[in-house]
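Notes to accompany the following structure.
The values are calculated or read from the model by the stated rules, or taken from the named source; none is laboratory data. All values reported here derive from a predicted model rather than from experimental measurement. Backbone-built Cβ (ideal geometry, glycine too); neighbour counts: all protein chains shown.
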Amino acid sequence: MSYDIAGLERMKAGLSENERMQLDMEIRAARKDSGTLMAVACLGFIGIAGVHRFMMGKVGTGILWLLTGGLCAIGTIIDLINMNKMAAEYNYQVEYNTIQEFLVRKGAREGQS
């Protein structure tokens, strides 16, 4: 997955400083830290696999990991290896969606005025 950081900045271009600060707070609240996700993924080795996938909104594979012990721990190991990439993809998507929702709310507020 390629990240269009410049595209995200273009989406924020028309925002005031106050709006940017509010948007950044919303984004920070929704982001996931790869270290935290790794720590939670390690729960898979004691029988509670897949919690990290639930945290990233991957409910289907979270259930699969939970029921199969992280696909006999192999899936958990692969997730640990790829956790930085998974967290980066999740965080990029969160930022993109948050900006979109913020702009829609801003447009609705301006339309009411």
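Restricting the search to region 44-64, which residues are part of a helix (DSSP H, G or I) and more than 20 Å from residue 93 (Cβ to Cβ)?
44, 45, 46, 63, 64
Give just the number: which of (1) within 18 Å of residue 80 (Cα to Cα); (2) modelled with pLDDT of 95 or more does residue 28 not satisfy?
(1)
Would you check if there is a residue in region 90-107 being part of a loop (DSSP other than H, G, I, E, B) and closer than 26 Å to residue 4 by Cα?
Among the residues of region 90-107, not one is part of a loop (DSSP other than H, G, I, E, B) and closer than 26 Å to residue 4 by Cα, which makes the answer no.
If you take the residues of region 1-43 that are of a type in the set (S, T, N, Q) and assigned to a helix (DSSP H, G or I), which of them is farthest from residue 65 (Cα to Cα)?
Here the answer is 18.
Taking residue 102 as meeting all but one of (1) farther than 27 Å from residue 25 by Cβ; (2) among the aromatic types (Phe, Trp, Tyr); (3) within 19 Å of the chain's Cα centre (by Cα), write down the number of the exception.
(1)
Considering each residue of region 1-25, count those that are modelled with pLDDT under 90 and under 18 Å from residue 107 (Cβ atoms), and give that number.
1
Taking the condition without any contact (Cβ under 8 Å) to a residue 24 or more places away in the chain, surrounded by 13 or more Cβ atoms within 10 Å (Cβ to Cβ) and either on the phi > 0 side of the Ramachandran plot or of a type in the set (Val, Ile, Thr) (or both), does residue 40 pass?
yes
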